[in-house]
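The values are calculated or read from the model by the stated rules, or taken from the named source; none is laboratory data. In this text the structure is predicted, and so the values were computed from the model without any measurement. As a convention, Cβ positions derive from the backbone with ideal geometry for all residues, glycine included, and neighbour counts pool all protein chains shown.
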């Protein structure tokens, strides 16, 4: 089953008329000249916008160049897509300049100690965001927000953390994804004040494909960056987390990175005391939902048909099964400390979120304060999933499902994951 029929069957949603008109006009232009994505143009503009010039250690430079080359040669971005991607890359570059300048003036930031973090992992579309959003209501859990990932400097301060004007600016930037492709809102919420994945911070290193892949299909960059592992990107993210907690202390960091599943032993090289929380859902349901999500996110910026190789560990049963099998091998070799690996079933989280959280905290040896439990209960009651547009997709072709199901026999049996078809 090499062909990914889910990808081939996926159809993009209609675009708003205003987006369609902008992109049609773009076809009349020399887009690479009008909206340049070359190294010199981007770096010069970032320096001019900030008045700074030091990006820190230069391990990011080669990955950055390869990423830009892939964008120009492979991503086939529309006019709207190039505008958004140039803006995103500039935000990353400017954030990095400001981070390094802040460290230069306040080197004591590097002495910040991070308490053992909780890292949510699992396949995409398995409830990782729902769990992160719920646990973020516990004020003892500090989780990075979109606005902090986009605009980390000056470092957030406790007194103004919830009123910082950067929240509104980040919200306008992230909500643009919804305005360009309204279907996104039924798949995943992007708001300035919402928790984000660690990969958005890792993007500042240009050594992680997790977030950068959302800017376009860049297979040559993915092929280059994947063998390098996740230590460089996660290490830079750790540097940013120290800065974020400097003036706004966090008792512990609550992080999320399904992308970390690609190399979990690397997590413990950067965060030796991390506790992992693996969310589990029928993998064929997760894959089918991921095809819709990935296709829709790429459609924001490109007319290019969704590739069968695009983020295959999310969108292909073979790719996801291979990912799970690699984790089993790492567990068998002792590369992952199983005592710090905790499991959450998707349907337990949906059916009884408070009981699920109670059990998870007990398993991790963390006390769930009454105020946190009350905040979660209030949120569950006032924010039903039904309030958002339904995400509709097919779980797969009945002809292929039995064979695909065999790929996940060990996974579903080991973790007792129920099938949804």
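Brief remarks follow.
- Selection within segment 174-188 - over 16 Å from the mean Cα position of the chain (by Cα) and touching a residue at least 60 places away in the same chain (Cβ under 8 Å): 176, 179, 180, 181, 182, 183, 186
- In the condition set (1) closer than 26 Å to residue 195 by Cα; (2) touching a helix residue (DSSP H, G or I) at 6+ places or on another chain (Cβ under 6 Å); (3) surrounded by 19 or more Cβ atoms within 10 Å (Cβ to Cβ), residue 295 is compliant with all but (2).
- Residue within segment 232-253 that is in a helix (DSSP H, G or I), closer than 22 Å to residue 326 by Cα and at pLDDT below 95 present: no
- Among the residues listed as 239, 281, 301, 250, the single one being under 30 Å from residue 409 (Cβ atoms) and either crowded, with 17+ Cβ neighbours inside 10 Å or free of Cβ contacts under 8 Å to residues at least 12 places away in the same chain (or both): 281
- Tallying residues that are closer than 13 Å to residue 239 by Cα and part of a loop (DSSP other than H, G, I, E, B) within segment 107-118 yields 3.
- Some residue of segment 362-382 being loosely packed, with under 13 Cβ neighbours inside 10 Å, at pLDDT below 95 and in a helix (DSSP H, G or I): yes
- Residue 125 vs. criteria on the phi > 0 side of the Ramachandran plot and touching a helix residue (DSSP H, G or I) at 6+ places or on another chain (Cβ under 7 Å): yes
- There is at least one residue in segment 209-221 that is farther than 30 Å from residue 353 by Cβ, surrounded by 21 or more Cβ atoms within 10 Å (Cβ to Cβ), free of Cβ contacts under 8 Å to residues at least 60 places away in the same chain and under 17 Å from the mean Cα position of the chain (by Cα).
- Which numbered condition residue 80 fails, given (1) touching a residue at least 24 places away in the same chain (Cβ under 8 Å); (2) under 22 Å from residue 224 (Cβ atoms): (2)
- Residue 264 touching a strand residue (DSSP E or B) at 6+ places or on another chain (Cβ under 8 Å), part of a helix (DSSP H, G or I) and within 23 Å of residue 221 (Cα to Cα): yes
- Members of segment 305-349 found to be in contact with a helix residue (DSSP H, G or I) (Cβ under 7 Å, 6 or more places away or on another chain) and part of a strand (DSSP E or B), listed by number: 342, 343, 344
- Tallying residues that are more than 19 Å from the chain's Cα centre (by Cα) and either farther than 19 Å from residue 305 by Cβ or modelled with pLDDT under 95 (or both) within segment 76-85 yields 1.
- Within segment 16-59, being in a loop (DSSP other than H, G, I, E, B) and within 26 Å of residue 203 (Cβ to Cβ) holds for 35, 36, 37, 38, 51, 52, 53, 54, 55, 56, 57.
- Members of segment 309-344 that are free of Cβ contacts under 8 Å to residues at least 60 places away in the same chain and within 13 Å of residue 415 (Cβ to Cβ): 331, 338
- Residue 43 being over 26 Å from residue 182 (Cα atoms) and surrounded by 14 or more Cβ atoms within 10 Å (Cβ to Cβ): yes
- Restricting attention to segment 6-36, the residues being over 27 Å from residue 185 (Cβ atoms) and within 27 Å of the chain's Cα centre (by Cα) number 1.
- For segment 383-393, the criterion of being at pLDDT 85 or above, in a loop (DSSP other than H, G, I, E, B) and under 21 Å from residue 292 (Cα atoms) is met by none of the residues.
- Condition met for residue 317 (at pLDDT below 95, farther than 30 Å from residue 79 by Cβ and surrounded by 14 or more Cβ atoms within 10 Å (Cβ to Cβ)): yes
- Hey, residue 115 surrounded by fewer than 22 Cβ atoms within 10 Å (Cβ to Cβ) and touching a strand residue (DSSP E or B) at 6+ places or on another chain (Cβ under 6 Å) or not: yes
- Index of the failed condition, residue 191 passing every other in (1) over 16 Å from residue 148 (Cα atoms); (2) within 14 Å of the chain's Cα centre (by Cα); (3) modelled with pLDDT under 95: (1)
- Comparison of 188, 162 shows that the only residue that is outside any helix (DSSP H, G or I) and within 28 Å of residue 324 (Cβ to Cβ) is 188.
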